[in-house]
Amino acid sequence: MKRKPARPPEESKHVLKHVGRLIEDHFKKGVNRVEELFRDSKESDDNLFSYFKVFIDDKGVASVTPSSRFMVERVLKAMDVKSAKTIVEYGAAGGVMTRRILEEMPSDGKLIAIELNDKLYENLAHIKDPKLIAVHGDVREVQEIVARHGVAEADVIVSGIPFAFLSGRGRHELLKATHDLLKPAGRFVAYQVTTHLIGLLEDYFHKVKTQFEIRNIPPHFVFTAYK
């Protein structure tokens with residue numbers, strides 16, 4: 001069988017550029033289609049579309065849409081919110097999880113919700129509740145943040161930030177700070193797209209429980225780590 005002659009280098013470059021343009025065009029069409037679906041959906045609103053735009057612009061945002069009600073309820077149950085007077089939330093985004101926590105936690109409780117993204121923090125800051133302290137900052141500075149607001153220990157820490165985007169050292173440092181901030185018998189609840197966090201949690205907590213919520217975009221694992 002005859003072998004086809006190799007393409008000249010210049011022709012190969014031309015083909016690669018053409019393929020690259022096709023892939024880029026298909027990606028843009030896909031993004032536009034998702035935007036159309038969000039705009040046309042009866043369940044969507046301006047906040048949903050805005051969240052999607054933030055997801056495209058900021059790699060630190062883990063999900064393409066806000067957490068579903070199924071995800072929120074699963075996380076709240078893992079947190080045992082009604083028994084928690086002091087809660088810290090990592091990556092509060094626009095406040096979907098935050099609002100439900102505020103509804104369920106004790107009336108004399110305190111919730112410190114931390115969000116780094118500028119646009120998402122604007123939505124979070126609009127929530128009016130005396131129990132809420134909305135912080136525009138980096139969760140890696142959580143110890144300094146809570147100290148500024150008179151909190152020494154937390155009953156529960158909940159996290160929606162994508163740990164996969166932190167460096168290896170960064171993950172360990174944040175988990176150690178999380179462990180140290182929790183009261184004895186406190187719990188850390190993290191919802192993530194992958195299972196990569198399990199081994200790390202087991203390094204810092206004596207027990208880790210794993211659940212999976214498929215009714216979310218994308219589906220998430222919910223980890224409950226007990227101090």
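The values are calculated or read from the model by the stated rules, or taken from the named source; none is laboratory data. All values reported here derive from a predicted model rather than from experimental measurement. A quick note on method: Cβ atoms are made from the backbone with ideal geometry, for glycine too, and the neighbour counts reach across all protein chains shown. What goes into the accessible areas is simple: the full protein's heavy atoms, side chains included, and nothing from ligands, DNA or RNA. Shrake-Rupley method; radii C 1.70, N 1.55, O 1.52, S 1.80 Å.
Computed quantities for the displayed model
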{"read-out": "Accessible area of the stretch 179-221 divided out per residue, in Å², using a probe of 1.4 angstrom", "value": "52"}
{"read-out": "Pairwise FRET efficiency - Lys77 versus Lys183, Cβ, R0 = 25 Å, nearest 0.05", "value": "0.80"}
{"read-out": "Prolate/oblate/rounded label for the stretch 106-160 (Cα gyration tensor, a/c 1.5)", "value": "oblate"}
{"read-out": "Gained length - His172 relative to Thr210, 0.36 nm times residue gap less alpha-carbon distance", "value": "11.7 nm"}
{"read-out": "Percent carbon-and-sulfur accessible area, the stretch 164-227, ignoring ligands, DNA and RNA, probe 1.4 Å", "value": "57"}
{"read-out": "Accessible heavy-atom area order of Tyr121, Tyr90, highest first, probe of 1.4 Å", "value": "Tyr121, Tyr90"}
{"read-out": "Per residue accessible area in Å² of the stretch 79-162, where ligands, DNA and RNA are left out and the probe is 1.4 Å", "value": "45"}
{"read-out": "From phi via Karplus (6.51, -1.76, 1.60), per-residue ³J(HN,Hα) for the stretch 199-208 in Hz, x at Gly/Pro", "value": "x, 5, 4, 5, 6, 10, 10, 7, 8, 10"}
{"read-out": "Mean Cβ count within 10 Å, highest first, over the residues of peptides 167-175, 78-86", "value": "78-86, 167-175"}
{"read-out": "R0 of 25 Å, Cβ-Cβ distance Arg148-Asp203: FRET efficiency to nearest 0.05", "value": "0.30"}
{"read-out": "Listed residue pairs exceeding 22 Å between alpha carbons, taken from Lys131/Lys209; Lys77/Lys227; Lys82/Lys176; Lys85/Lys128; Lys128/Lys183", "value": "Lys131/Lys209; Lys82/Lys176; Lys128/Lys183"}
